[in-house]
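Undergrad: Have a look at this one before I ask anything.
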Amino acid sequence: MSLPIVAVVGRPNVGKSTFVNRIAQTHEAIVHEQRGVTRDRSYHRAEWNGVEFTLIDTGGIAIADPDVFQVPIRNQALLATEEADAIILLVDGTTGTTADDEAVAKLLKRSARPVLLVVNKLDDPTREQAIWDFYGLGLGDPWPVSSVHGHGTGDLLDELVALLPRVGDGEDDEVEAINVAIIGRPNAGKSSLTNRLTGSERSIVSDVAGTTRDSIDALVYRSAVPAASTPAPAASTSAPAVSAPVASTDAPSSSTTEPLTQAYRIIDTAGLRRKSQISEDVEYYGFVRAMRAIDRADVALLVVDAELGLTDADQRVATFAHDRGCALIILLNKWDLLQDAEQREQLREQVADRMIFVSYAPVLAISAKSGRGVQRIWDAIDKVYANFSASISTSSLNSLLSELRDFGHTVSRGKMRLRVNYITQTGTRPPYFTLFANHPQIIDDGYRRYLENRMREAFPLEGTPIRLKFKKKD
């Protein structure tokens, strides 16, 4: 059973992200004095007196704000209230009620969910008389708190958890899921792909580069079914052929007659670009969140804008995923915009030449906007995750090693001649291999590449980086 959900809403700059960080005891939500920092809704796990719940941080709702993002921000906040079990309306105790506070309160009065009116920024307990102004919102007794110092949050949480539905005893709320981070440079189509994969408008989609600043998580359950139609062509002939899946954000039924389901945690991240090109410190924080998302990902989906072509930024993002040991799939998005067969072939060659350091990654051609080719991503994720988690028997590894010794390729330096005596797998996710040799200090990058290529030819390692460690054996 999923955890109860609490949506935190309010006008801009009342301290919603600071409040969420205080309750969740994290620093995941971006905090900044600038208005409009939070745009998408983001999810954070919290606990009070043994009761666990999920907090949703939302963008500020400003009714008359001319900002191009205000309409989707308001829609994101309202979507959060629809999926919530309880709602917290946060207001600013230092300013009194505003027209936006009244407008938000009016919207929430129509909701069937319980609403707690929380007056923030009351750092000085002697100023609690400021709460009287907020009775006019018609949402009951205000709760005075200070998100910065924590004043009043204990009493508020006691009331909040009493309103939440109880999770059934003995049920495990920790979902075993494949963590999938959607990464890429700004405006490559990551949020559109997230919405397509999750089947919901979870992320704001805009033509303005840098729209997503937080990392957004969505849990999707999928059951494999026979393909109903011919899949769209892949950008690589080595890409796996897959059947069309059924994806759902609802938890799977407990019925034993239904096919087994796999859970995927989809993480939409802010676009990654050079640190020197990050002009706003807010955007830098989004960069940090994206890097953290890669750190906890099992599989990274690198979204490349096919219309623009492969860029240095795409190479850098792929390097981030490779260095952090993620399985990787390269997605050529907006493929339908390339009408010329020559353009498509040039892009394929460009990817093969410039992404040689992640040549293990399968390449798929998709259109997140139309949905073309998107369903094939699921089985590609399953395949690379299986390779990412696989264990190869020691006997099979050493059988390959014997063949390589017979072939005669080795490394020498002066009177030293390399001999690799033994190999074994010492880790997974990604696969780690330890090799025992007489002179490991003379091993160069060329031999490492040679050994890795031979291992990839012999074993199912598509989509996953591998790590080779050499140790001295007397």
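Undergrad: Considering (1) under 31 Å from the mean Cα position of the chain (by Cα); (2) modelled with pLDDT of 90 or more; (3) open to solvent by 40 Å² or more (accessible area, probe 1.4 Å); (4) not polar (S, T, N, Q), say which one L89 fails and leave the rest.
TA: Every listed condition holds for L89 apart from (3).
Undergrad: Of all residues in region 1-24, which are within 18 Å of H151 (Cα to Cα) and open to solvent by 30 Å² or more (accessible area, probe 1.4 Å)?
TA: Scanning region 1-24 gives T18, R22.
Undergrad: Output the residues belonging to region 324-336 that are open to solvent by 10 Å² or more (accessible area, probe 1.4 Å) and part of a helix (DSSP H, G or I).
TA: Once the filter is applied, which keeps residues that are open to solvent by 10 Å² or more (accessible area, probe 1.4 Å) and part of a helix (DSSP H, G or I), region 324-336 yields only D336.
Undergrad: Sort through E82, E52 and tell me the only one that's modelled with pLDDT under 85 and within 25 Å of L219 (Cβ to Cβ).
TA: None of the others qualify; the one that does is E82.
Undergrad: Being assigned to a loop (DSSP other than H, G, I, E, B), aliphatic (A, V, I, L, M) and within 17 Å of V14 (Cα to Cα) is the filter here, so list the residues in region 119-139 that pass it.
TA: Within region 119-139, just L122 meets the criteria.
Undergrad: Kindly establish whether D474 is loosely packed, with under 14 Cβ neighbours inside 10 Å, of a type in the set (D, E, K, R) and either at pLDDT 95 or above or outside any helix (DSSP H, G or I) (or both).
TA: yes
Undergrad: Select from region 294-316 the residues that are among the aliphatic types (A, V, I, L, M) and part of a helix (DSSP H, G or I) and list them in ascending order. It would help to see each step written out before you state the result.
TA: So the first thing to find is which residues in region 294-316 are among the aliphatic types (A, V, I, L, M), and the list is 294, 297, 299-304, 306, 308, 310, 313.
Of everything in region 294-316, those that are among the aliphatic types (A, V, I, L, M) and part of a helix (DSSP H, G or I) turn out to be I294, A313.
Undergrad: If Y385 passes every condition in (1) modelled with pLDDT under 90; (2) within 23 Å of M455 (Cβ to Cβ) but one, which one does it miss?
TA: Of everything listed in (1) modelled with pLDDT under 90; (2) within 23 Å of M455 (Cβ to Cβ), Y385 misses just condition (1).
Undergrad: Do you know which of the residues in region 436-448 that are open to solvent by 50 Å² or more (accessible area, probe 1.4 Å) and assigned to a helix (DSSP H, G or I) is farthest from C326 (Cα to Cα)?
TA: Q441
Undergrad: Of the residues that make up region 273-286, is at least one open to solvent by 10 Å² or more (accessible area, probe 1.4 Å), of a type outside the set (K, R), in contact with a Ser or Thr (Cβ under 8 Å, 6 or more places away or on another chain) and modelled with pLDDT under 80? Give the derivation first.
TA: Just the residues of region 273-286 that are open to solvent by 10 Å² or more (accessible area, probe 1.4 Å), to begin with: 273-281, 283-285.
If we keep only those that are of a type outside the set (K, R) too, we end up with 276-281, 283-285.
Applying the additional criterion that residues be in contact with a Ser or Thr (Cβ under 8 Å, 6 or more places away or on another chain) yields none.
Scanning region 273-286 turns up no residue that is open to solvent by 10 Å² or more (accessible area, probe 1.4 Å), of a type outside the set (K, R), in contact with a Ser or Thr (Cβ under 8 Å, 6 or more places away or on another chain) and modelled with pLDDT under 80.
Every residue, every condition in (1) buried (at least 20 other Cβ atoms within 10 Å of the Cβ); (2) among the hydrophobic types (A, V, I, L, M, F, W, C), yes or no:
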{"site": "V363", "(1), (2)": "yes, yes"}
{"site": "I366", "(1), (2)": "yes, yes"}
{"site": "G371", "(1), (2)": "no, no"}
{"site": "V384", "(1), (2)": "yes, yes"}
{"site": "F388", "(1), (2)": "yes, yes"}
{"site": "S399", "(1), (2)": "no, no"}
{"site": "D406", "(1), (2)": "no, no"}
{"site": "P431", "(1), (2)": "yes, no"}
{"site": "T434", "(1), (2)": "no, no"}
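Undergrad: Okay, next question. Name, by its number, the condition in (1) part of a loop (DSSP other than H, G, I, E, B); (2) at pLDDT 85 or above that does not hold for R202.
TA: Result: R202 passes all but (2).
Undergrad: Among the listed residues L219, L116, identify the single one that is within 21 Å of T18 (Cα to Cα), in a strand (DSSP E or B), at pLDDT 75 or above and touching a strand residue (DSSP E or B) at 6+ places or on another chain (Cβ under 8 Å).
TA: L116
Undergrad: Taking region 140-154 on its own, how many of its residues are buried (at least 18 other Cβ atoms within 10 Å of the Cβ) and either touching a Leu at 6+ places or on another chain (Cβ under 8 Å) or assigned to a loop (DSSP other than H, G, I, E, B) (or both)?
TA: Within region 140-154, residues that are buried (at least 18 other Cβ atoms within 10 Å of the Cβ) and either touching a Leu at 6+ places or on another chain (Cβ under 8 Å) or assigned to a loop (DSSP other than H, G, I, E, B) (or both) number 7.
Undergrad: Hey, another quick one. Of the residues Q339, Q346, which single one is closer than 22 Å to R376 by Cα, open to solvent by 60 Å² or more (accessible area, probe 1.4 Å) and either out of contact with any Cys (no Cβ under 7 Å at 6 or more places or on another chain) or basic (K, R) (or both)?
TA: Among Q339, Q346, only Q339 is closer than 22 Å to R376 by Cα, open to solvent by 60 Å² or more (accessible area, probe 1.4 Å) and either out of contact with any Cys (no Cβ under 7 Å at 6 or more places or on another chain) or basic (K, R) (or both).
Undergrad: Provide a single number: the residues in region 291-318 that are open to solvent by 50 Å² or more (accessible area, probe 1.4 Å) and farther than 18 Å from G373 by Cα.
TA: If we filter region 291-318 for residues that are open to solvent by 50 Å² or more (accessible area, probe 1.4 Å), which is where we start, we get 292, 295-296, 307-308, 312, 316.
Narrowing further to those that are farther than 18 Å from G373 by Cα: 292, 295-296, 308, 312, 316.
Residues meeting the conditions: 6.
Undergrad: Can you report the number of residues in region 410-426 which are open to solvent by less than 20 Å² (accessible area, probe 1.4 Å) and under 30 Å from V384 (Cβ atoms)?
TA: 2
The values are calculated or read from the model by the stated rules, or taken from the named source; none is laboratory data. Keep in mind that this is a model prediction, so the values were computed, not measured. Every residue, glycine among them, receives a Cβ derived from its backbone with ideal geometry; neighbour counts consider all protein chains shown. When the accessible area is computed, the model is the full protein with side chains, heavy atoms only, and any ligands, DNA or RNA have been set aside. Shrake-Rupley method; radii C 1.70, N 1.55, O 1.52, S 1.80 Å.
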